[in-house]
Amino acid sequence: MVGAVNTHGRPEMDRLLDGLECLSRRSTQHSVDGASDPLDLDAIVARRPFLLVVDELARANPPASRHPKRWQDVEELLGAGVSVLATLNIYELESLKDVAYRLTDVVVEETVPDRMTEQADEIALVDLPPEELLDRLAEGKVHLPGPDPERGRRFFRPGNLMALRELALRRTADHVDARMRRYMRDQAIQTTWPVTERILACISASPHATQVVRAAKRFADALRAEWLVVYVETPSHARLGEPGRARVADTLRLAEQLGAEAHVLSGERVPEEVLSFARTRNVSKIVVGKPVQPLWRRLLFGSIADALVRGSDETDVYVISGQEPSHVPYVSPARMRGFPWTDYWRPLAMVGACTAIGLLIFPYFAHSTLVLVYLLGVVAVAARSGPGPSLLGCVLSVGAFDFFFVPPYFTFAVAETQDLLMFGAMFIVALVISGLTVRIRWLADSARQRERRTAALYAMSRDLASAREVATLLEVSVRHVREVFRGHVAVLLPDPGGGLRPQAVGGSALVPGPRELDLSKWVYLHRQPAGLGTGTSPELEALCLPLTASRGTLGVLIFRPENPQVMQAPEQLHELETFCGQVALALERAQLAAEAQQAQVRVETESMRSALLSSVSHDLRTPLASITGTASSLLEGDATFDPATRRMLLETLSEEAERLSRLVRNLLDMTRLQSGALRVSKEWHPLEEVIGAALGRMERPLRGRPVVTRVPEDLPLVPIDDVLIEQVLINLLENAVKYTPCGSEIELTAHVSEGGVMVGVADRGAGIPPGDETRLFEKFYRGRSTTSHGAGLGLAICRGIVEAHGGRIWAENRSGGGASFQFTIPVTGRPPDMEHTDG
Amino acid sequence: MGSSRSDPSVAGPTPARPVVLLIEDEPQIRRFLCAALDTQGFRLIEAATGEEGVAAAATRQPEIIILDLGLPDMDGLDIIRRVREWSTIPIIILSARGQERDKITALDAGADDYVAKPFGVGELLARMRVALRHAARGAGDPGESKFSVGDLEVDLAQRQVTLAGQPIHLTPIEYRLLATLVRHAGKLLTHHQLLNEVWGPNRTEQAHYLRVYTAQLRRKLEADPARPRYVLTEPGVGYRLAAE
């Protein structure tokens, strides 16, 4: 299947394409606006072609596509498992961009990162001797790079072609070499590996920086070394202005794309920071750009390259030269600084104040004291203003001192030469003090900024650690991200249907749009950030980040910053990614905790079930044994029994069957309670009704026993599930019957108590063994009785039901003998008022 | 075994031996019911599936239907509704314990009473007798005006209620409630049915009202309201006036 091809109007191309399924085909000589049809990635993945042919890997996609460049599309397809055959020209490789420019004067805009060729399984070099290529050019069969055909023709000078051919051959050879090494390693053939080199490239805000990066990349490739890129933020970084800062961010991003580790250091002197970083990271080679400042400045102040060379000990320093492309004007940082007029009133005011003080104290104190007054003033100005105002302050101080307090007074002339010395010293001291103060202030500021960032991360981690539920977690995360990064946040979590759903987090104002939702799905699948400032759909206003933890992606975070420029710096993206990492960890922890709890419940259910099984098998067999025995004896001796015996046996049968029935009912109730399937549907009931129903059901077992009920008429309605409370009463009554002798009294009472109603079932039996009052209510507890049957579940069920109503149940012995079981039913609220429709 | 044990010489069912249609899939239950009902003077038609039962109800004209709610092929509710479309044959349902919801729905759909499994035959017979009595009364005379059970006497025509000879004063709603219970004496009435008859169709969701008034009624009629003799409660389902 052919993904995209540009035939440039050549008929033999069309002929070659016959019989192949084509997705997109263009036949322009060169595209007018540089854009081309984007590849429909989802359709291709769905179609699962054996091989996809994609022409012109370096092409840019039209603005609304998922990725800005075609090579990114191909990368995604590779990730999805599609094999791709792509074509590109040698000068379209990113690291060769400068070389190409040097050779040909053409700046190649559309480039492909080197890793596309490095990761390729096969590179087929289409190689022609330059003469043949020129012939083809003459025949019009060659596509010229760049929009301008004239320049393109210049591109095809024989010298250029030879140089490019050499590059191509060398690249292919490198690739073959790498494959051979891999093959040898796979076959466990010993090779000698070179000593691990590590390369450090230093960049500044100048446009040359990208060349330095690319050169470092080539260097690293050649040495097969790791490489890092570092930028040192000095006090002058603050004065860079937007274009400068953006350039730095771009360069760092380019470095990362090319495979480097990018770092931003802060310090006041570039060479020192770079060297100390190089020492900690065991860098073997440092790459830096050639200084572009004029010679006199270099001689006077030294250049960074010189300083590096001086301080580098055993590390090699490579100085890369660059030729700046003509269309990018280089504006030095100094010129870009605005003029903060406001700051300059301070030194003026200071000098004025010091002079006034000086005039006051002049008659009483010596010169030296006045110098100190001015110095104090200079310190005051330096503590508040930048280097410019401080310098002005120094100069003005000296001038004022000279004018007002050094003879001859009120002139700038100097009578004694030692005064000149004094001026000089004063000036130098003032300068040094102001310089130091400014630097100290700046260092403190930047340290404070870093500390703030770390503190923000720590604060969020701490809050996340104490949050248990997912909703709280999300709320904490959203709040922190919003505070630190200033923007709107939304979190999407997967829903059971397989899609991603935005979570309603209190106070979050971001409602993701349809494009953002689509992109989130992509992010979730590919586990890569997308959107603003990344390589995928960077034109969006929002940034989508995956929340990835050890078990995979848990969700997606969408962030729309108030100021999109802020997110262009890779370090901001890193920071936000760190935050997202924390959130993902917390989410995973919550998930795992929930799973652990469920596992615990399962374990408990299992253990309960096994206890039940062992108890039940005994308790079921006993009545069954009687039933089987009785029935079989009736059958066997049917003719021989007299009616009285037969009747007795039949009654036994009936009783045992009832016992079995009761046991089964208790078991079912217990299982339902335990598994949480018990639903308490409360309604307002008169308690006597439930008591009456329970007594009605127990009519037969209660026969022959006096039953006393003491229920006041004005007992309020209680909110209960009548079927369940009836069950509680029945269980208590059954117990009373079981454990008390025939004919002994059973008493049912109910009365109002604090917070609700208290119900009691009391008997005159043997009572409860002391110490067993609470154990009674445990599962499978059986009291001592002459006919102990039943699984011991009745009271446990009562407790389960009463507690499900919010009440308490307990047992105690009565004075005068016997046991008393009481339970409370809390009454909150009032029954709905009834309209008085009755006379 | 869908045969009826009828004397072939007698044409059609006679009131003396009422025909009972038993729709129950468990053969053991059919067996003992057969035996019990036969000795009590009933003639039994058995159906093992819902479809068979509905067909038999139409063709064999039983006096009373005993229906198991847990049939495999059809929902018991459907059977009740279908039969109720064209007949008022009393239907008694056999239900499992703990299915209050199903019982209520079945009763509201037209069943007359229920018996919970496991049950004793005596209970079933008592319900059957009540149901048959009401059916006979409905078909025949416009309705007895006097009713008595135990010490309680109710004269519907005169609107008088006496307990052991003493007249009892009831409020209009209490009387209407009692009268409804009396008209269906012995039969279980759901909350819904009672609310409908006493308060009208707009109040059928307010079981709370019903309970309060029943409690008041009980206090007036019963010696010990906590051990009612006349106004019996079926928790979760409804009320029944004792018929004997």
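Each reported figure results from applying straightforward, stated rules to the coordinates on display, with no laboratory input. Nothing here was measured: the structure is a model prediction, and the numbers come from that model. Virtual Cβ from ideal backbone geometry, glycine too; neighbours counted across all protein chains shown.
Treating the angle as unsigned and between 0 and 90°, give the value, to the nearest 10°, between the Cα long axis of helix A:687-697 and the longest Cα principal axis of chain A.
60
Using the Karplus curve 6.51 cos²θ - 1.76 cosθ + 1.60 with θ = phi - 60°, what ³J(HN,Hα) values do you get for each residue of region B:54-59, in whole Hz, with x for Gly and Pro?
Along region B:54-59, the couplings run 4, 4, 4, 4, 6, 8 Hz.
If you place +1 on the Cβ of every Lys and Arg and -1 on the Cβ of every Asp and Glu, how big does the dipole about the Cα centre of region A:484-587 come out, in debye to the nearest 20?
The dipole of region A:484-587 has a size of about 280 debye.
Looking at region A:520-606, which trypsin sites (Lys or Arg not before Pro) are in a loop (DSSP not H, G, I, E or B) and have at most 16 other Cβ atoms within 10 Å? Don't jump to the answer; show the numbers that get you there.
On the way: sites: A:Lys521, A:Arg527, A:Arg551, A:Arg589, A:Arg602; in loops: A:Arg527, A:Arg551.
Those that pass, being in a loop and sparsely packed, are A:Arg527, A:Arg551.
Please report the net charge: other residues with Cβ closer than 15 Å to the Cβ of B:Gln61, K and R +1, D and E -1. Write out the running numbers ahead of the final one.
Values: positive: B:Arg17, B:Arg43, B:Arg60; negative: B:Glu63.
So the environment of B:Gln61 carries a net charge of +2.
Over chain A, what is the relative contact order in whole percent, taking alpha-carbon pairs under 8 Å and six or more residues apart?
Contact order relative to length: 6 percent.
Return the distance in nm (one decimal) between the two label points of a simple spin-label model at A:Glu812 and A:Asp419, each offset 7 Å from Cα along Cα→Cβ.
In this crude spin-label approximation the distance works out to 10.6 nm.
A:Met648 to B:Ala157: FRET efficiency via 1/(1 + (r/R0)^6), r the Cβ-Cβ distance, R0 56 Å, to the nearest 0.05?
Details: r = 51 Å, r/R0 = 0.90.
E between A:Met648 and B:Ala157, to the nearest 0.05, is 0.65.
B:Ile66's amide H: which non-local residues (gap 5+, or another chain) put their own amide H closer than 5 Å, with H modeled 1.01 Å from N in plane and none for Pro or chain starts?
So B:Ile66 has HN proximity to B:Leu21, B:Leu22, B:Ile23, B:Ile92.
For A:Asp40 and A:Asp495, calculate 0.36 nm times their separation in residues minus their Cα-Cα distance, and state this gained length in nm to one decimal.
Separation in residues times 0.36 nm, less the Cα-Cα distance, equals 161.1 nm.
Please give, to one decimal in nm, the separation of the simple spin-label points placed at B:Asn202 and A:Ala353, each 7 Å out from Cα toward the Cβ.
The two pseudo-label positions are separated by 8.5 nm.
Taking +1 at the Cβ of each Lys and Arg and -1 at the Cβ of each Asp and Glu, which of A:Met608, A:Val264, A:Phe365 sits farthest along the dipole of chain A towards its positive end, judged by Cα position relative to the Cα centre?
A:Phe365
Only bridges whose two residues both fall in the protein assembly as shown count here: according to DSSP, what percent of them are antiparallel, nearest 5?
Numbers: 60 of 112 bridges.
Roughly 55 percent of the beta bridges in the protein assembly as shown run antiparallel, per DSSP.
Calculated from DSSP H runs of 4 or more alone, at -39500 (n - 2.57) each and per residue, what is the 222 nm mean residue ellipticity of chain A, nearest 500?
-16500 deg cm²/dmol
Pick out, in residue order, every one of the GluC sites (Glu not before Pro) in region A:468-577 that is DSSP loop and has at most 16 other C-beta atoms within 10 Å; say none if there are none.
Qualifying residues, ordered by number: A:Glu469, A:Glu539, A:Glu541, A:Glu562.
What is the sum of charges, Lys and Arg at +1 and Asp and Glu at -1, for the other residues whose Cβ falls under 15 Å from the Cβ of B:Arg84?
On the way: positive: B:Arg81, B:Arg82; negative: B:Asp75, B:Asp78, B:Glu85, B:Asp108, B:Asp112, B:Asp113.
The answer is -4.
Assuming R0 = 25 Å, what is the FRET efficiency of A:Arg453 and A:Ala246, from their Cβ-Cβ distance, to the nearest 0.05?
E(calc), rounded to 0.05, equals 0.75.
Considering the options A:Cys544, A:Ala225, B:Trp86, tell which one lies farthest towards the positive end of the dipole of the protein assembly as shown, charges being +1 on Lys and Arg and -1 on Asp and Glu at the Cβ, about the Cα centre.
Going by the charge dipole, the pick is A:Ala225.
Taking the number of other C-beta atoms within 10 Å as the exposure measure, put B:Ile80, A:Ile361 in order starting with the fewest.
A:Ile361, B:Ile80
Taking the Cα centre of the protein assembly as shown as origin, work out the dipole magnitude from +1 charges on Lys and Arg Cβ and -1 charges on Asp and Glu Cβ, in debye rounded to 20.
Roughly 1500 debye for the protein assembly as shown.
Please work out whether chain A counts as rounded, prolate or oblate from its C-alpha gyration tensor, where a ≥ b ≥ c are the square roots of the eigenvalues and a/c under 1.5 means rounded, while otherwise a/b larger than b/c means prolate and anything else oblate?
Oblate shape, in that a/c is at least 1.5 and b/c is the bigger or equal ratio.
At 0.36 nm per residue, minus the direct Cα-Cα distance, what do A:Glu314 and A:Asp833 gain on full extension? Give it in nm, one decimal, please.
Full-extension gain reported as 177.5 nm.
Any idea what angle helix A:270-280 forms with the longest principal axis of chain A, computed on alpha-carbon atoms, 0 to 90 degrees, nearest 10?
Relative to chain A, helix A:270-280 is tipped by roughly 50 degrees.
Within a 10 angstrom radius of the beta carbon, how do A:Val2, A:Val351 rank from fewest other beta carbons to most?
By the 10 Å Cβ count, ascending: A:Val2, A:Val351.
Rounded to the nearest 10 degrees, what's the angle between the helix B:172-183 long axis and the longest principal axis of chain B, both from Cα atoms, 0 to 90?
30
Based only on other Cβ atoms within 10 Å, what is the fewest-to-most ordering of B:Ile173, A:Ile440?
Neighbour counts put them in this order, fewest first: A:Ile440, B:Ile173.
Within 10 Å, count the other beta carbons around each residue, average over each peptide in A:700-712, B:101-113, A:750-762, and list them highest first. Intermediate results must be reported in sequence, preceding the final value.
Working: A:700-712: 13.6, B:101-113: 20.8, A:750-762: 17.4.
The peptides rank, most packed first, as B:101-113, A:750-762, A:700-712.
If amide H atoms are built 1.01 Å from N in the plane of the peptide, which residues on other chains or at least 5 residues away come under 5 Å of the amide H of A:Leu52?
Here A:Ser83, A:Val84, A:Leu85 satisfy the definition.
Please turn the phi angles of region A:651-665 into ³J(HN,Hα) values with the Karplus equation 6.51 cos²θ - 1.76 cosθ + 1.60 (θ = phi - 60°), one per residue in order, whole Hz, x for glycine and proline.
Taking θ as phi minus 60°, the curve returns 5, 4, 3, 5, 5, 5, 4, 5, 4, 4, 4, 5, 4, 4, 4 Hz for region A:651-665.
Work from the charge dipole of the protein assembly as shown (Cβ charges, +1 for Lys and Arg, -1 for Asp and Glu, about the Cα centre) and give the residue of A:Gly311, A:Val108, B:Ala215 farthest towards its positive end.
Positive-end residue among those listed: A:Gly311.
If I model a spin label as a point 7 Å beyond the Cα along the Cα-Cβ vector, how far apart are those points for A:Met162 and B:Ala96 in nm?
That separation, rounded to one decimal, is 9.5 nm.
Using a Förster distance of 22 angstrom, determine the FRET efficiency expected from the C-beta separation of A:Glu754 and A:Arg775, and round it to 0.05.
That pair, A:Glu754 with A:Arg775, gives E of 0.25.
Mind checking the dipole of region B:175-222: about its Cα centre, +1 per Lys or Arg Cβ, -1 per Asp or Glu Cβ, Debye to the nearest 20?
160
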